[in-house]
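> What follows is a single structure, and I will ask about it in a moment.
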Amino acid sequence: MAHLKISGLDVRYGTTRVLCGIDLEVARGELVGLVGPSGSGKSTLLRALVGLVPPSAGQVVLEGEIVDYAKKDSLRALRDHAAIVFQQYNLFQNMTVLDNITVTPVKVRGRPRAEAEAQARALLARVGLSGKESAYPDQLSGGQQQRVAIARALALKPALILLDEVTAALDPELVRDVLDVIRDLAGEGITMLLVSHEMGFIREAADRVVMMDAGRVVEVGPPQQIFDTPIEERTRAFMSKIIRH
Amino acid sequence: MTENLANLFTFGNMQFLMRGVAMTLLLTLIGCLTGLIGGFLLAYARSSKGNLLAPVRWGAMIFVEVFRRIPFLVTLFLVLYTAQMILPRAPLFWVAVISICLLCSAYMAEIVRAGMESVPTPQIETAEVMNMPRWRITWIIVLPQAWKVILPSAVSYMVMFVKDTALASQAGVFELMFAGKALVNRGLDPLLVFATVLLAYFAISWPLARLGQWLETRLAHRHTERGIR
Ligand SMILES: Nc1ncnc2c1ncn2[C@@H]1O[C@H](COP(=O)(O)OP(=O)(O)O)[C@@H](O)[C@H]1O
Ligand SMILES: [Mg+2]
């Protein structure tokens, strides 16, 4: 059974339909890359999945549970299993790195502080940021901030992580460290949807790639299909444009 | 001239004016404190979500728009006559306090809202997806960042508001302007009296204005240092 099953998902902003009947099934632990031109609805899809934009039609099933975005309890249950990381300004600027990671486990989930801090330190070590516990976000580089944001998401033990262009605002030399962290997570049973323009990384790390255009899924397949032998004309056109740059 | 000066600058008169100054300061302070609290509540109500809270949002919006748009004197008389209808000997001080609270809350609501909106949305959305309740997001994430934007504007508003308190004398409330008028009524030289009143207003406003500027440069500086590089 699919870990995440999206069927006929529609999102509207006023009268414009931004997502038109998205169908997608993702297996547990799969890393799925989302590609497509700017404005094709990739961010909207991720935002809709965690209920930041209300879907106007369709169904989402996560871990066998149908999500009712209009119901607080259902949304809360979904959010207990899902995390999202954005392009920038993820970290709470008024809190240290350690507090950023422990605040939700302690204050929302009611876990003992000592335990949450121990876990946070372990996660920081994992993303290569031991020793930064008491730094404030504005004392870190953009890449370090993004790695803290990922560590913070992991502290909540999510089953699904959504990453929306998490390296797009970074200087090129900082991108690699963040991608390394993401690669490290793949194969750990966490389902990941990754929106990115790092085509090289997606080709190498993703299990499957979803090509989106104008609010629709155009083509889904393994990386070499999407990048090298696309079936759809629109995928081909998009790839040739990207490779030419 | 010297006789006029000597008549004005008696210990009793100066004490009288100082009481006016104290009252103006008190009204300003009350306005800004109640305004910050009321403004926060209004801004919080205005940023609520969901259909159920739509009336709360509308109520807050109408309150803010109305009291920002009508002259303070109108608010003052509205409160005065309403108070006198309920309680014929309503104390003028409280009439002034209530009017000021209404006006300052409406103005501060916009200042607080701008401050709260200056906090980058990804932080708030992340917290939302982490199932953090809205009041807690506001309390531990938004306000600790927003105050740096709110404070300088609030002080600037306070500087403006010092002048507005003079209108309270129109409703018979004792403050600096009222004290000045009272001295003139006692036959003192109007020009001298109001020149002194002017200096007193300046002595209140100027340090406040400087404080506002200082806060602005100090806090804005830290603000630009952050973000992703
Ligand atoms: N808040 C919004 N209000 C109105 N339209 C929006 C909003 N956010 C996004 N859109 C529109 O939705 C479409 C998809 O946007 P988005 O999901 O951000 O695309 P992508 O992430 O693929 O670049 C775009 O046409 C965009 O203009
Ligand atoms: Mg996007």
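The values are calculated or read from the model by the stated rules, or taken from the named source; none is laboratory data. Keep in mind it's a predicted model, so treat the numbers as computed, not measured. Here Cβ is always computed from backbone atoms with ideal geometry, including for glycine, and neighbour counts include all displayed protein chains. These accessible areas exclude ligands, DNA and RNA; they are computed on the full protein's heavy atoms, side chains included. Shrake-Rupley method; radii C 1.70, N 1.55, O 1.52, S 1.80 Å.
> What's the number of the condition A:Gln145 fails, among (1) at pLDDT 95 or above; (2) over 16 Å from A:Leu194 (Cα atoms); (3) of a type outside the set (A, V, I, L, M); (4) open to solvent by 10 Å² or more (accessible area, probe 1.4 Å)?
Exception for A:Gln145: condition (4).
> Follow-up. Six or more apart or on different chains, Cβ atoms under 9 Å: show the pairs whose first residue is in the range B:1-20 and in contact (Cβ under 8 Å) with a residue 24 or more places away in the chain and whose second is open to solvent by 40 Å² or more (accessible area, probe 1.4 Å) and among the charged types (D, E, K, R).
If the second residue must be open to solvent by 40 Å² or more (accessible area, probe 1.4 Å) and among the charged types (D, E, K, R), the pairs left are B:Asn4/B:Asp189; B:Leu5/B:Asp189; B:Asn7/B:Asp189; B:Leu8/B:Asp189; B:Asn13/B:Arg186.
> Could you check, for the range A:61-78, whether at least one of its residues is within 11 Å of chain B (Cβ to nearest Cβ), loosely packed, with under 15 Cβ neighbours inside 10 Å and not in a helix (DSSP H, G or I)?
Scanning the range A:61-78, I find at least one residue that is within 11 Å of chain B (Cβ to nearest Cβ), loosely packed, with under 15 Cβ neighbours inside 10 Å and not in a helix (DSSP H, G or I), so the answer is yes.
> Then there's this: Run down A:Glu188, A:Glu219 and say which single residue is out of contact with any strand residue (DSSP E or B) (no Cβ under 9 Å at 6 or more places or on another chain), more than 16 Å from ligand 2 (Cβ to nearest atom) and within 20 Å of A:Ala2 (Cα to Cα).
A:Glu188
> Could you tell me whether A:Ile182 is away from ligand 2 (no atom under 16 Å from the Cβ), within 23 Å of A:Glu63 (Cα to Cα) and among the β-branched types (Val, Ile, Thr)? Talk me through it step by step, then tell me what you get.
Numbers: away from ligand 2 (no atom under 16 Å from the Cβ): yes; within 23 Å of A:Glu63 (Cα to Cα): yes; among the β-branched types (Val, Ile, Thr): yes.
Taking the combined requirement at face value, the residue satisfies it.
> Applying the selection to the range B:45-56, what residues are in a helix (DSSP H, G or I) and open to solvent by 60 Å² or more (accessible area, probe 1.4 Å)? Before you say what the answer is, go through the steps one by one.
Let us first name the residues in the range B:45-56 that are in a helix (DSSP H, G or I), namely B:45-46, B:54-56.
Listed by number, the residues that qualify are B:Pro55, B:Val56.
> Same structure, new question: So which residues in the range B:112-131 are under 24 Å from B:Ser156 (Cβ atoms) and crowded, with 24+ Cβ neighbours inside 10 Å?
Result: B:Val112, B:Gly115.
> If you don't mind, there's one more thing I want to ask. Going by the structure shown, is A:Ala57 surrounded by fewer than 17 Cβ atoms within 10 Å (Cβ to Cβ), on the phi < 0 side of the Ramachandran plot and without any contact (Cβ under 8 Å) to a residue 40 or more places away in the chain? Write out each step before concluding.
Details: surrounded by fewer than 17 Cβ atoms within 10 Å (Cβ to Cβ): yes; on the phi < 0 side of the Ramachandran plot: yes; without any contact (Cβ under 8 Å) to a residue 40 or more places away in the chain: no.
The answer is no for A:Ala57.
> Can I ask one more? Could you look through the range A:37-52, keep only residues that are open to solvent by less than 10 Å² (accessible area, probe 1.4 Å) and within 14 Å of chain B (Cβ to nearest Cβ), and pick out the one that is farthest from ligand 1 (Cβ to nearest atom)?
Per the criteria, the residue is A:Val50.
> Next question, about the same structure. Can you name the residue in the range A:191-216 that is closer than 17 Å to A:Glu25 by Cβ and among the β-branched types (Val, Ile, Thr) and, of all such residues, is farthest from ligand 2 (Cβ to nearest atom)? Before the answer, list the steps.
Step one: filter the range A:191-216 for residues closer than 17 Å to A:Glu25 by Cβ, giving A:191-194, A:206-212, A:216.
Still in the running and among the β-branched types (Val, Ile, Thr): A:191, A:209-210.
Details: A:Thr191: 20, A:Val209: 16, A:Val210: 14 Å.
Taking the candidates together, the pick is A:Thr191.
Here is a yes/no grid of residues against (1) of a type in the set (Val, Ile, Thr); (2) assigned to a strand (DSSP E or B); (3) within 14 Å of another protein chain (Cβ to nearest Cβ):
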| position | (1), (2), (3) |
| --- | --- |
| A:Thr167 | yes, no, yes |
| A:Leu170 | no, no, yes |
| A:Glu173 | no, no, yes |
| A:Arg176 | no, no, no |
| A:Asp180 | no, no, no |
| A:Arg183 | no, no, no |
| A:Glu188 | no, no, no |
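> Write out, first by first residue and then by second, each pair whose Cβ atoms fall under 6 Å of each other, whose residues are 6+ apart or on separate chains, and whose first residue, in the range A:9-24, is over 17 Å from A:Tyr69 (Cβ atoms) while the second is small (Gly, Ala, Ser).
A:Cys20/A:Gly215; A:Asp23/A:Ser7
> Shifting gears a bit: Could you list all residues from the range A:23-46 that are of a type outside the set (S, T, N, Q), within 9 Å of ligand 2 (Cβ to nearest atom) and in a helix (DSSP H, G or I)?
Applying the first criterion (of a type outside the set (S, T, N, Q)) to the range A:23-46 yields A:23-37, A:39, A:41-42, A:45-46.
Filter again for within 9 Å of ligand 2 (Cβ to nearest atom), leaving A:39, A:41-42, A:46.
Matches in the range A:23-46: A:Lys42, A:Leu46.
> Does A:Ala155 qualify as being away from every other protein chain (no Cβ under 14 Å), more than 16 Å from ligand 2 (Cβ to nearest atom) and open to solvent by less than 40 Å² (accessible area, probe 1.4 Å)? Let's see the steps before the verdict.
Values: away from every other protein chain (no Cβ under 14 Å): no; more than 16 Å from ligand 2 (Cβ to nearest atom): yes; open to solvent by less than 40 Å² (accessible area, probe 1.4 Å): yes.
Considered against the rule, which asks whether it is away from every other protein chain (no Cβ under 14 Å), more than 16 Å from ligand 2 (Cβ to nearest atom) and open to solvent by less than 40 Å² (accessible area, probe 1.4 Å), A:Ala155 comes out as no.
> Is it the case that the range A:133-140 has a residue that's part of a loop (DSSP other than H, G, I, E, B) and either open to solvent by less than 10 Å² (accessible area, probe 1.4 Å) or of a type in the set (D, E, K, R) (or both)? Spell out how you get there, then give the answer.
If we filter the range A:133-140 for residues that are part of a loop (DSSP other than H, G, I, E, B), which is where we start, we get A:133-136, A:140.
When the remaining residues are screened for being either open to solvent by less than 10 Å² (accessible area, probe 1.4 Å) or of a type in the set (D, E, K, R) (or both), the result is A:133, A:140.
Checked against the condition, which is being part of a loop (DSSP other than H, G, I, E, B) and either open to solvent by less than 10 Å² (accessible area, probe 1.4 Å) or of a type in the set (D, E, K, R) (or both), the range A:133-140 yields at least one hit.
> What single numbered condition from (1) surrounded by fewer than 20 Cβ atoms within 10 Å (Cβ to Cβ); (2) in a loop (DSSP other than H, G, I, E, B) fails to hold for A:Arg203?
(2)
> In addition: Output yes when any residue across the range B:145-167 is surrounded by fewer than 18 Cβ atoms within 10 Å (Cβ to Cβ), out of contact with any helix residue (DSSP H, G or I) (no Cβ under 8 Å at 6 or more places or on another chain) and within 30 Å of A:Val148 (Cα to Cα), and no when none is.
No, because not a single residue in the range B:145-167 is surrounded by fewer than 18 Cβ atoms within 10 Å (Cβ to Cβ), out of contact with any helix residue (DSSP H, G or I) (no Cβ under 8 Å at 6 or more places or on another chain) and within 30 Å of A:Val148 (Cα to Cα).
> Being open to solvent by less than 50 Å² (accessible area, probe 1.4 Å), assigned to a loop (DSSP other than H, G, I, E, B) and in contact (Cβ under 8 Å) with a residue 60 or more places away in the chain narrows it down to one of A:Leu129, A:Leu91, so name that one. Talk me through it step by step, then tell me what you get.
Details: A:Leu129 fails: in contact (Cβ under 8 Å) with a residue 60 or more places away in the chain.
Among A:Leu129, A:Leu91, only A:Leu91 is open to solvent by less than 50 Å² (accessible area, probe 1.4 Å), assigned to a loop (DSSP other than H, G, I, E, B) and in contact (Cβ under 8 Å) with a residue 60 or more places away in the chain.
> Next question, about the same structure. Taking only the range A:212-235 into account, find how many residues are part of a strand (DSSP E or B) and either open to solvent by 20 Å² or more (accessible area, probe 1.4 Å) or over 25 Å from A:Arg47 (Cβ atoms) (or both). Working first, answer last.
Filtering the range A:212-235 for residues part of a strand (DSSP E or B) gives A:212-213, A:216-221.
Pick out the ones that are also either open to solvent by 20 Å² or more (accessible area, probe 1.4 Å) or over 25 Å from A:Arg47 (Cβ atoms) (or both) and you get A:213, A:216-218, A:220.
Qualifying residue count for the region: 5.
> Take A:Leu34 and tell me if it is in contact (Cβ under 8 Å) with a residue 60 or more places away in the chain, surrounded by 19 or more Cβ atoms within 10 Å (Cβ to Cβ) and more than 9 Å from ligand 1 (Cβ to nearest atom). Full working, then the answer.
Details: in contact (Cβ under 8 Å) with a residue 60 or more places away in the chain: yes; surrounded by 19 or more Cβ atoms within 10 Å (Cβ to Cβ): yes; more than 9 Å from ligand 1 (Cβ to nearest atom): no.
Considered against the rule, which asks whether it is in contact (Cβ under 8 Å) with a residue 60 or more places away in the chain, surrounded by 19 or more Cβ atoms within 10 Å (Cβ to Cβ) and more than 9 Å from ligand 1 (Cβ to nearest atom), A:Leu34 comes out as no.
> Name the residues in the range A:96-125 that are facing chain B (nearest Cβ under 8 Å) and surrounded by fewer than 19 Cβ atoms within 10 Å (Cβ to Cβ), would you? Give the derivation first.
Residues of the range A:96-125 that are facing chain B (nearest Cβ under 8 Å), as a first pass: A:103-104, A:107-108.
Within the range A:96-125, A:Lys107, A:Val108 meet the criteria.
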